[in-house]
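Trainee: Take a look at the following structure, please.
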Amino acid sequence: MHNWLSTQYLGHMAHKSTAFPPHLFDVDDLSTAQAETLLDLAGEYVKRNRQKDKKHPVLKGRTLINLFFESSTRTRASFELAGKRLGMDVINLSASVSSVNKGESLLDTIATLNAMQADAIVLRHPQASAPELVKGKVDGSLINAGDGCHAHPTQALLDAFTIRAKKGHIKGLTVAICGDILHSRVARSNTRLLGMLGAKIRWIAPPTLMPIDVTPYHPVETYYHVDDGLKDADIIMMLRLQKERMTAPSVASVRDYFARYGLTYERLAQAKADALILHPGPVNRGVEMTYELADDLERTAILEQVEAGVAVRQALLEMLLKDSS
Ligand code: NCD
């Protein structure tokens, strides 16, 4: 199991300033007011991104480096587009084609990129607390794009944006997060952020995929039976089985998992009539949900989440970098 609750990380969580922070490691680096300001600014970027000319070069001449040690489609592409639409020079590096393959350490890789005068480094890494480990080597901003099972703050921000846009508010909504919560940085960051913004959070998972570490997060209700957990939910957030983080199979079989936890129209009927389905992607159809539901644009907001992802990352980069020297 990953040591996602290192004492170093708890030390970091204890710190919160009123100025916009230099780095974003998790959502609790932001105050509620800062998170809301960021979501408001993202709304402006959604409008701008729907125009023919999407450029708003407020960060012209600045440099963004995306350093990804794990696979990514949405997060990486949206950070790249966000940087480019803000006028930045953007470099993308994957571990598989970098000198990490030649034995270079994470710390040396970060120090190397920092020496190129990067204004922001976006890091995705399989190790929980990786950003905390390397922050001393970074002069600009360091943004966590997912560290092991621990945190994925920009995903939580884009999910909050999507919920707010579709429902008009977050406060008072019941959000049921369902699936492999144990290995999910998305579930952890969303629990913190949506909790902070006033939602009631439920976790639905098989016993083998339910964390026992509920306490560091916003209070959650836990459910082992999907029908109970979905009852009267406003938002249903489905999660992928993250096999790459499992040391041994955690479910009897994918077929059995789908039978017990997969979202179907029948199960959806337990939730509110207008319940909205979110999924951070990538979706494994026939595992987390039926093929039909994955294509149901009335009930799901999966592509709206993707659209929000670019805008939220533009807003974040602008807020982190605009006034920094
Ligand atoms: C998620 C991640 O990487 O944590 N994906 C994403 O960023 N959109 C969830 C997942 O991989 O299942």
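Trainee: Given the stretch 76-191 reduced to its alpha-carbon atoms as identical point scatterers, what log10 I(q)/I(0) does the Debye formula return at q = 0.11, 0.15 Å⁻¹?
Mentor: -0.45, -0.78
Trainee: How charged is the neighbourhood of Gln270? Take every other residue with its Cβ under 10 Å from the Cβ of Gln270, and add Lys/Arg as +1 and Asp/Glu as -1.
Mentor: Combined, the nearby Lys, Arg, Asp and Glu give -1.
Trainee: What angle do you read, to the nearest 10 degrees and between 0 and 90, between the alpha-carbon axis of helix 32-49 and the longest principal axis of the chain?
Mentor: Tilt relative to the chain: about 80 degrees.
Trainee: Now a separate question. Where a ≥ b ≥ c are the square roots of the eigenvalues of the C-alpha gyration tensor, would you call the stretch 136-249 rounded, which needs a/c under 1.5, or, failing that, prolate if a/b is larger than b/c, or oblate?
Mentor: Taking the square roots of the gyration eigenvalues as a ≥ b ≥ c, the stretch 136-249 is oblate.
Trainee: Related question: Write out the trypsin sites (Lys or Arg not before Pro) in the stretch 233-309 meeting two conditions: DSSP loop, and at most 16 other Cβ atoms within 10 Å of their Cβ.
Mentor: Lys272
Trainee: HN-Hα J couplings of the stretch 196-204 from phi, Karplus 6.51/-1.76/1.60, θ = phi - 60°, integer Hz, Gly and Pro as x?
Mentor: 4, 8, x, 7, 9, 10, 10, 10, 10
Trainee: Just in the stretch 231-325: which GluC sites (Glu not before Pro) are loop by DSSP and have at most 15 other Cβ atoms within 10 Å?
Mentor: Glu298
Trainee: Can you compute the label reach from Ala19? Point 7 Å from Cα along the Cβ direction, backbone N cut-off under 17 Å, restricted to the stretch 113-151.
Mentor: Inside the label zone: 139-142.
Trainee: Enter the angle in degrees (range 0 to 90, nearest 10) between the Cα long axis of helix 106-115 and the first principal axis of the Cα atoms of the chain, meaning the one along which they spread out most.
Mentor: 50
Trainee: By the scheme Lys and Arg +1, Asp and Glu -1, what is the net charge of all other residues having a beta-carbon under 14 Å from that of Val226?
Mentor: Within the 14 Å Cβ shell, the charges total -4.
Trainee: Another question about this same structure. Relative contact order for the chain using alpha-carbon pairs under 8 Å, separation at least 6, rounded to a whole percent?
Mentor: 20
Trainee: Step through the residues of the stretch 94-105 one at a time and calculate ³J(HN,Hα) from phi using the Karplus curve (6.51 cos²θ - 1.76 cosθ + 1.60, θ = phi - 60°), rounding each to whole Hz and writing x for Gly and Pro.
Mentor: So the Karplus estimates, Gly and Pro as x, are 10, 4, 5, 10, 9, 6, 4, 5, 9, x, 5, 7 Hz.
Trainee: Which angle from 0 to 90°, rounded to the nearest 10, does the C-alpha axis of helix 302-321 make with the longest principal axis of the chain?
Mentor: It is inclined by approximately 30 degrees.
Trainee: Would you mind calculating the relative contact order of the stretch 165-299 from Cα pairs under 8 angstrom and at least 6 residues apart, reporting the percent as a whole number?
Mentor: Relative contact order of the stretch 165-299: 26 percent.
Trainee: Also, quick follow-up: What is the local net charge at Ser325, summed over the other residues whose Cβ is closer than 12 Å to its Cβ (Lys, Arg +1; Asp, Glu -1)?
Mentor: Its environment carries a net charge of -1.
Trainee: GNM, the chain, Cα, under 10 Å: largest mean-square fluctuation among Val100, Val310, Val283?
Mentor: Result: Val100 has the largest fluctuation of those listed.
Trainee: Modelled label-to-label distance, Ser98 and Asp227, 7 Å Cα→beta-carbon offset: nm?
Mentor: 4.8
Trainee: Calculated from DSSP H runs of 4 or more alone, at -39500 (n - 2.57) each and per residue, what is the 222 nm mean residue ellipticity of the chain, nearest 500?
Mentor: -11000 deg cm²/dmol
Trainee: List the lysines whose Cα sits under 28 Å from the Cα of Lys135, skipping any in the same chain fewer than 8 residues away.
Mentor: Lys16, Lys60, Lys84, Lys102, Lys322
Trainee: Could you provide, to the nearest whole Å², the per residue accessible area of the chain with probe 1.4 Å?
Mentor: Spelled out: the 1.4 Å probe surface of the chain, per residue, equals 43 Å².
Trainee: Oh, and also: Tally up the carbon and sulfur contribution to the accessible surface of the chain as a whole percent, 1.4 Å probe, everything protein left in place.
Mentor: In the chain, the share of accessible area belonging to carbon and sulfur is 52 percent.
The values are calculated or read from the model by the stated rules, or taken from the named source; none is laboratory data. These numbers were taken from a predicted model, which means no experiment stands behind them. Neighbour counts are summed over all protein chains in view; Cβ atoms, including those assigned to glycine, are modelled from backbone coordinates with ideal geometry. What goes into the accessible areas is simple: the full protein's heavy atoms, side chains included, and nothing from ligands, DNA or RNA. Shrake-Rupley method; radii C 1.70, N 1.55, O 1.52, S 1.80 Å.
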